[in-house]
Amino acid sequence: MRITTDADITHLITRAADAIEDLVRDTPDAVLGIATGSTPEPLYAEITARASRGLDLSRLRITCLDEYVGLDARHPQSYRHYIVQHVLEPWGIDPEATVLPTGDSDDPDAAAADFERRILGLGGVDLQILGVGPNGHIAFNEPGSSFSSRTRVVGLTPSTREANSRFFADKAEVPSRAISQGIGTILESRHALMLAFGEGKAPAVRAMLEGPATEDVPASALQKHADVDVYLDDAAASLLADR
Ligand code: GLP
C-alpha cells in the first residue's frame with residue numbers, strides 16, 4: 001500500500017486524477033470502477049475539467065461498486081443517477097458502455113449475480129476508486145462481511161443508514177438493502193485508489209491501515225490487495241501512529 005497524506009485535498013485530487021488520466025492515455029478503453037459518495041465528487045469534477053481541455057474519455061468503460069435495492073433508477077439518490085450525473089454525462093460516455101447493477105429489479109439476487117457476471121465479462125476492473133464508510137465498510141460490505149465475498153444482496157446497518165440519511169429528505173426513505181460488489185470481487189481489481197477525507201473517517205482509516213486485517217473492518221481487506229494507493233487529508237490521517 002502506498003499512503004499519501006496532505007493538508008490540501010486539492011493536491012490529493014490532482015494525484016488521483018493523474019492516475020486516471022495516465023490509465024486513459026495508456027488504455028483508452030480501460031475499465032474504471034466508480035465509487036459513489038461525497039468524497040470522490042471533486043475527483044470526478046477534476047476529470048470533467050480535464051475532459052473539457054481535451055482528454056478523451058469516450059472509450060472508457062465504467063462500472064461501479066454498489067446500488068441501493070428498491071430505488072427507482074431515476075431516483076436522485078440511486079447510484080445509477082449519481083453516475084449519470086457525475087460521470088457519464090460530463091465525461092461524454094455512452095450509458096451502453098457501462099456495467100451497473102439493477103437496483104430496482106424484481107429479483108435483486110438475480111440482479112446481483114448478473115452484475116458480478118458482467119464485471120467478469122469486462123475482463124475485470126483496471127482501476128477501482130474506493131471510499132470508506134465511518135464504520136469501516138467498503139462498497140456496502142458491512143462489518144462481518146467475508147473477505148472472499150462476491151457480489152450479492154446485503155443488509156445495511158443502522159449506522160450506515162443513519163450516515164447516508166443526509167442525502168435523503170426523510171430517514172425512513174433510506175433503503176435497508178443494497179447490491180454490493182463483494183470484498184473478494186473488489187480485491188481482484190488490478191489497481192485501487194482509496195480516498196478518505198475528514199476527521200469523521202479517522203478511526204476507520206486507522207483500523208483500515210494499522211489494525212489487523214479483520215472482517216470486523218471490511219476496508220482492512222485492502223491490506224491484502226496487490227496494488228493500492230491511499231490518499232488521506234491530514235484530518236483523516238490524524239489517528240495514524242505512523243505518519
Ligand atoms: C456509501 C458507499 C460507499 C462510500 C461510503 C462513503 O455508503 N456505499 O461506497 O465509500 O458511503 O461515502 P462518503 O464519501 O459520502 O463519505
Legend entry - Residues of the stretch 216-233 classified as surrounded by fewer than 16 Cβ atoms within 10 Å (Cβ to Cβ), modelled with pLDDT of 95 or more and part of a loop (DSSP other than H, G, I, E, B), total: 2
Legend entry - Single unsatisfied condition, Thr63 versus (1) outside any strand (DSSP E or B); (2) at pLDDT 95 or above; (3) closer than 28 Å to Ala111 by Cβ; (4) under 14 Å from the mean Cα position of the chain (by Cα): (1)
Inset, instruction - Hey, can you tell me all the residues within the stretch 1-35 that are under 14 Å from Ala196 (Cα atoms) and within 16 Å of the ligand (Cβ to nearest atom)? - result: Ile9, Leu12, Ile13, Ala16, Ala35
Legend entry - Subset of the stretch 191-214 [outside any helix (DSSP H, G or I) and either hydroxyl-bearing (Ser, Thr, Tyr) or closer than 27 Å to Val31 by Cβ (or both)]: His191, Ala192, Leu193, Met194, Leu195, Ala196, Phe197, Ala213, Thr214
Legend entry - Residue that is nearest to Ala110 (Cα to Cα), among those in the stretch 134-155 that are within 12 Å of the ligand (Cβ to nearest atom) and modelled with pLDDT of 95 or more: Val154
Inset, instruction - Starting from the stretch 127-150, keep only residues that are without any contact (Cβ under 8 Å) to a residue 60 or more places away in the chain, then list their pairs with residues that are within 15 Å of the ligand (Cβ to nearest atom) and of a type in the set (Ser, Thr, Tyr) whose Cβ atoms are within a distance under 7 Å, requiring at least 6 positions of separation or different chains. - result: Arg150/Thr185
Inset, instruction - Among the candidates Ser52, Ser38, single out the residue that is within 16 Å of the ligand (Cβ to nearest atom), without any contact (Cβ under 8 Å) to a residue 24 or more places away in the chain and surrounded by fewer than 17 Cβ atoms within 10 Å (Cβ to Cβ). - result: Ser38
Legend entry - Test: residue in the stretch 99-122 that is on the phi < 0 side of the Ramachandran plot, out of contact with any Pro (no Cβ under 7 Å at 6 or more places or on another chain), free of Cβ contacts under 8 Å to residues at least 12 places away in the same chain and of a type in the set (Ser, Thr, Tyr): yes
Inset, instruction - Please indicate, with yes or no, whether at least one residue in the stretch 59-67 is of a type outside the set (Phe, Trp, Tyr), more than 23 Å from Val132 (Cα to Cα), out of contact with any strand residue (DSSP E or B) (no Cβ under 8 Å at 6 or more places or on another chain) and surrounded by 15 or more Cβ atoms within 10 Å (Cβ to Cβ). - result: no
Inset, instruction - Hey, could you check the stretch 195-234 for residues that are in contact with a Phe, Trp or Tyr (Cβ under 7 Å, 6 or more places away or on another chain) and within 16 Å of the ligand (Cβ to nearest atom) and say which is farthest from Arg15 (Cα to Cα)? - result: Ala221
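The values are calculated or read from the model by the stated rules, or taken from the named source; none is laboratory data. These numbers were taken from a predicted model, which means no experiment stands behind them. Glycine gets a Cβ as well: all are built from the backbone with ideal geometry, and neighbour counts include every protein chain shown.
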